[in-house]
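Here is the structure we will look at.
The values are calculated or read from the model by the stated rules, or taken from the named source; none is laboratory data. Note that the structure is predicted; figures quoted are calculated from it, not measured. With ideal geometry, Cβ positions are generated from the backbone for all residues, glycine too; neighbour counts draw on all protein chains shown.
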Amino acid sequence: MGLVRIHLPEQARRGASVEARVLIQHPMETGFRRDAAGARVPRNAIHSFLCRYNGVEVFRATLSTGIAANPLLRFYLRAAESGKVEVWWLDDDDIEGSASAHLVVV
Amino acid sequence: MKVVLLCLGIVLSGVSFAESRSGLEFSTEETRALQANDHENPGMLWADRGAALWAEQCSSCHAAGSMRGVAARYPTVAEGQIVTLEQRILRKRPGLAYESDDLLALTAFVARQSRGLPWQPRIDDRDVERGRKAYLLRRGQMNLACTHCHDSNAGKRLGSETISQGQANGYPAYRLEWGRLGSLQRRLRACLFGVRAELPPFGSRELLELELFLAQRGRGLAMESPAVRR
């Protein structure tokens, strides 16, 4: 719920490059912060992100604590066939997230 | 002497601008771009969450898009009590805590529907008298009142930052410093922390009075929530 926003163009011409924007709600804790009681807040950052387009991996990123909270990723796909664009990520607590959107190719 | 008196007059009046200007205008180009695009504005994550909560808990009485203009009429005074938009929501959902994701999400969802509308709270100058006094009150170890930065020195630099007029039209807003959405009360507490003053608790009368005054002071500015601030 409210964890991710994926943005793709309404439709794309076959062969065109398409900008994908993925905004993920995540604290990206560095592990260096302390809470009000002085206890260390454990590190928890998204470390792996990947995107599949019609089942084929087209983009992969390695993230770390240098990335701000609620990271925004922007990357490009080559529009081939109409189909599903899926994103997946994994953080230090081994919690996975995923989402998908549909790309219409004309 | 005349000049000194004139300056004093400006400081004491508290509302001294030729023109009210949103915090957006004091932000960097990058921050403005982040706010302008709903697919990049991280505050929209909370507005989305609010939309889902609304569909689940509120939509049997209030249709999804029915709150346009509502946020622009808050805060207000009802039966002697100050009611902010958050408090209006808390009346219906008393279990929610201040600064909880759910309360911020619902507030942002409602506030977003008034984006671009001029802020026209249903209050008058008598209602905000106490808030105005709080705004002009020197406090904390730094012995500063709100007005000393946000009226007398707005537009000047404080370290690497430009001091804004302290307008509240973007709240709840996503602050990059917090890495999350936060309420106006949290922002006010952050300023009070900055001048090393005592922090009134969330929902306290003092913060509510300040909120009410800021609404009157920002009357006419376009609603921006969920805005992005540094």
Say whether the condition of being at pLDDT below 95 and of a type in the set (Ser, Thr, Tyr) is met by at least one residue in the range A:65-72. yes
Out of the residues in the range B:176-191 meeting the condition of being part of a loop (DSSP other than H, G, I, E, B) and of a type in the set (Gly, Ala, Ser), tell me which one is modelled with the highest pLDDT. B:Ser183
Residue in the range B:132-154 that is surrounded by the fewest Cβ atoms within 10 Å (Cβ to Cβ), counting only those that are under 18 Å from the mean Cα position of the chain (by Cα) and small (Gly, Ala, Ser): B:Ala154
Just for the range B:21-41: of the residues that are within 14 Å of chain A (Cβ to nearest Cβ) and over 28 Å from B:Leu96 (Cβ atoms), which one is surrounded by the most Cβ atoms within 10 Å (Cβ to Cβ)? B:Thr31
The condition of being over 25 Å from B:Thr76 (Cβ atoms) and of a type in the set (Val, Ile, Thr) holds, among B:Thr147, B:Thr162, only for B:Thr162
Any pair with Cβ under 6 angstrom, 6 or more apart, that starts in the range B:42-58 at a residue that is more than 9 Å from every other protein chain (Cβ to nearest Cβ) and ends at one that is in a helix (DSSP H, G or I): B:Trp54/B:Phe109
Extreme residue, surrounded by the most Cβ atoms within 10 Å (Cβ to Cβ), among residues of the range A:89-106 that are under 9 Å from the mean Cα position of the chain (by Cα) and over 25 Å from A:Val41 (Cβ atoms): A:Ala99
Residue ID - nearest to the chain's Cα centre (by Cα), chosen from residues in the range A:23-51 that are farther than 18 Å from B:Arg180 by Cβ and crowded, with 18+ Cβ neighbours inside 10 Å: A:Phe49
Out of B:Arg122, B:Arg112, report the one residue that is surrounded by fewer than 17 Cβ atoms within 10 Å (Cβ to Cβ) and of a type in the set (Lys, Arg). B:Arg122
Number of the exception - B:Cys149 against (1) within 14 Å of chain A (Cβ to nearest Cβ); (2) outside any loop (DSSP other than H, G, I, E, B): (1)
Residue satisfying all of: in the range B:176-200; in contact with a helix residue (DSSP H, G or I) (Cβ under 9 Å, 6 or more places away or on another chain) and within 14 Å of another protein chain (Cβ to nearest Cβ); surrounded by the fewest Cβ atoms within 10 Å (Cβ to Cβ) among these: B:Glu177
How do the strands (runs of 3 or more DSSP E) wholly within the range A:1-86 filter down when requiring 1 or more residues that are of a type in the set (A, V, I, L, M) and within 10 Å of another protein chain (Cβ to nearest Cβ): which remain? A:4-7, A:17-24, A:72-78
